[in-house]
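All remarks here apply to the structure that follows.
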Amino acid sequence: MAHDTLAPAPTTRARGVGRVLIFVYVILALAATGRSVYEFIAKFDEAPFAYSLSAVAAVVYIVATIALIAPGPVWYRVAWIAITFELVGVLTVGTLSLFLPELFAEASVWSWYGMGYLFVPLVLPVLGMLWLRRSR
Amino acid sequence: MIEWFTIVQVAIASVGGLLAVILGLAGKKPNDLVMGIAALVELLLIVQLVVAIAAPAFGNDATGDVLEFYIYLVSAVLLPIAGGFWALIERSRWSTVILGALCLAVAVMVYRMNAIWFVQVA
C-alpha cells in the first residue's frame, strides 16, 4: 500500500463517483446512529443483544465513513477492515435472523440482510470494496 | 403531522430526487434546478418541523414514540444542508447524484416519520 503515498495529486479518496459512495455511507451512519441512540434511551432492556448489535453497526459505519474520507495508507487499511467487518456482519446477522429469529425479536440494522434499509447494508460493503480496490 | 402535507412532501422528494440522480448520471453539474430541488426539500422539512412542534397544541398528537420521530426529523433536516455544502465545494456530476440520493433518503425518512405519527402496528 506504499504506492498510495507515491501518487502526487490525490490526497483523498473522496473524489468522483466515490463521493456518492461516501455520502451513502454518511446517510447510513446517521441512520444507524440515530436508531441506536433511540434504542438505548428508550428500550434497551427489551432486546439487549439486538440493540448492542445496532450500536456496533453504527460505530462501524462511522469508522468506515471517516476512513473512506481520510487520506493515507493507514486509513486505507482501516477502511478495508471496517468494510470487511460490515460484510461479515450483515451476512452473519442476516443468516442468524433467518434461522434463529428469537434472537432478533427486535430488528437491528443487519437483520434479514438489511431489508429494513432496502438492502443497502448488503450492497454497500461490496461497492465499498470495489471502490477501495480501484482507488488504491 | 398533517397527512396530506406529508404525502406531498414524500412525492416531491421522491420525484425531485429521482430527477437529480438521472441528471447527475447524465453528466449534469449541480445547476439551479437541482439546487432548487434540494432547497425545496429542506424548506418542506423545516415546515414539517414547525408543524410537528405546533400540532400537539391543536390536539394532533403522535400515536407513536415522539423521541424516535424527532431523531428521524432532525437527521432529515441535516441531510440537504450537508449535501448542499458538498455540492457547492465540488461542482461535479457526482454532486448532482448525491443531491438526488439525499432527497430519496429524505423521502424514506419522512415516510417512516408518517408511520410513527399515525400508524401503530403493535
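Listed values, structure above:
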quantity	calculated
Distance (nanometres) between label positions extended 7 Å along Cα→Cβ at A:ARG15 and B:ALA11	4.3 nm
Hull volume in cubic angstrom per residue (convex hull over the Cα atoms of the stretch B:3-118)	78 Å³
Over chain B, relative contact order from alpha-carbon pairs under 8 Å, at least 6 apart, %	48 percent
For the stretch A:11-136, size of Cβ-based charge dipole, Lys and Arg +1, Asp and Glu -1, in debye	920 debye
Relative packing of peptides B:106-118, A:69-81 - highest average C-beta neighbours within 10 Å first	B:106-118, A:69-81
Shielding by other protein chains, A:18-24, mean Cβ within 10 Å	6
Footprinting exposure proxy for A:SER52, A:SER135 (fewest neighbouring C-beta atoms within 10 Å first)	A:SER52, A:SER135
Average Cα contact separation per residue, chain A, under 8 Å, 6 or more apart, as relative contact order %	28 percent
Sites A:ILE41 and B:ALA26, calculated FRET efficiency, Cβ-Cβ separation with R0 51 Å, nearest 0.05	0.70
Furthest towards positive pole of dipole, A:VAL109, A:VAL59, A:GLY128, structure part the stretch A:27-134, Cβ charges	A:GLY128
Estimated dipole of chain B in Debye, rounded to 20 [Cβ of Lys and Arg +1, of Asp and Glu -1, Cα centre]	520 debye
Convex hull (Cα only) mean projected area of the stretch B:1-64, reported in nm² to one decimal	4.9 nm²
Rh (Kirkwood; distinct C-alpha pairs) - the protein assembly as shown, Å	19.3 Å
Positive-end residue of A:GLY94, A:ILE81, A:GLY18, charge dipole of chain A with Cβ unit charges	A:GLY18
Angle between chain B longest axis and helix B:66-89 axis [Cα atoms, degrees, rounded to 10]	10 degrees
Degrees, to the nearest 10: A:73-99 long Cα axis against longest axis of chain A	30 degrees
Inter-probe distance in nm under a simple model that places probes 7 Å from Cα toward Cβ, at A:LEU96 and B:ILE46	4.4 nm
Pairwise centroid distance, computed over Cα atoms, of the stretch A:20-77 with the stretch B:65-110, Å	17 Å
Gaussian network model of chain A, Cα within-10 Å springs - most flexible of A:ALA58, A:ALA42, A:ALA32	A:ALA42
With Cα atoms, 0 to 90° folded angle of helix B:93-118 axis to chain B main axis	10 degrees
Relative frequency of Cα-Cα separations exceeding 22 Å in the stretch A:17-136, percent	31 percent
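Read the figures in this text as sums done on the coordinates, not as results from a lab. All of these numbers come straight from a predicted model, not from anything done at the bench. We place every Cβ from the backbone using ideal geometry, glycine too, and count neighbours over all the protein chains shown.
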